[in-house]
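One structure below.
Values quoted throughout were computed directly from the atomic coordinates according to the rules given, and no laboratory measurement underlies them. Note that the structure is predicted; figures quoted are calculated from it, not measured. Glycine gets a Cβ as well: all are built from the backbone with ideal geometry, and neighbour counts include every protein chain shown.
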Amino acid sequence: MRRDVFPTTRRGAVTMLAGLGVSVAAPGWAQGAMLARAIPQHPAEGVPVVGVGTAVIFDIGSAPADRASHTGVIKALVAGGGTVIDTAPSYGAAEGIVGNILQETGLRPKTFIATKLERYRPGQLAEEARGCLERLKTNKLDLLQLHNVREPGQSLKELNELISIKRCIRFY
C-alpha cells in the first residue's frame, strides 16, 4: 500500500471517510433525495441510509483546531440530506465532541442521534442514559440501544421503562 495515499493523521482519516460518505450518497443527492429506510413501528418516518459513525475518528482532543474537520463532516452530512450520527460512551470523547459540534452549529434539530448503553447493569441504565444526554448536549435521544446483549435471560424491563420518559428520550 502506498503511504502517500493512505491517511496517516486523524485529519486525513476524517477527510477520507467524509469523501467516502459523499461518494456513497452522491447518486441520491443528484436525484434530489437521499435513500431512506422506514423506522419499525413508525413507517411514516424514516432515516437516511447514510450516516456518520464516531468510533475512533471522533475520539479527539477538545481544541477547536482538532474539531474543524469533524465539524465539516457533520455539516456535509446534513447538507447532503443525511441525519444519522452513531455514537456511544465507549467511543472515548466522541459523544462530547458530537454534542459540542451540534450545539455550536445549531444542527441538532436536523440530526438523528443514535447512542448506546454500554453494559446491562440493572438499576443504572437511567443514570447512563442521562450521561449520554449531558455529553451530547441534548434533551432527547432518537435511538438508545444496548451495546452488548450477552445474557440470554436478561430483562429489558428497565430499558422499556426509559422509553416511557418521552420528554427526555425519544425511542422507536
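Taking K and R as +1 and D and E as -1, what net charge do the other residues with C-beta under 9 Å from the C-beta of L125 add up to?
Cβ neighbours under 9 Å give a net charge of -3.
Fewest Cβ neighbours within 10 Å first, please rank V84, V49, V98 accordingly.
By the 10 Å Cβ count, ascending, the order reads V49, V84, V98.
Among E128, E95, which comes first, then next, by fewest other beta-carbon atoms within 10 Å?
Ordered from fewest to most neighbouring Cβ atoms within 10 Å, E128, E95 come out as E128, E95.
Please order H42, H147 by the number of other Cβ within 10 Å, starting at the fewest.
So the residues, fewest neighbours to most, are H42, H147.
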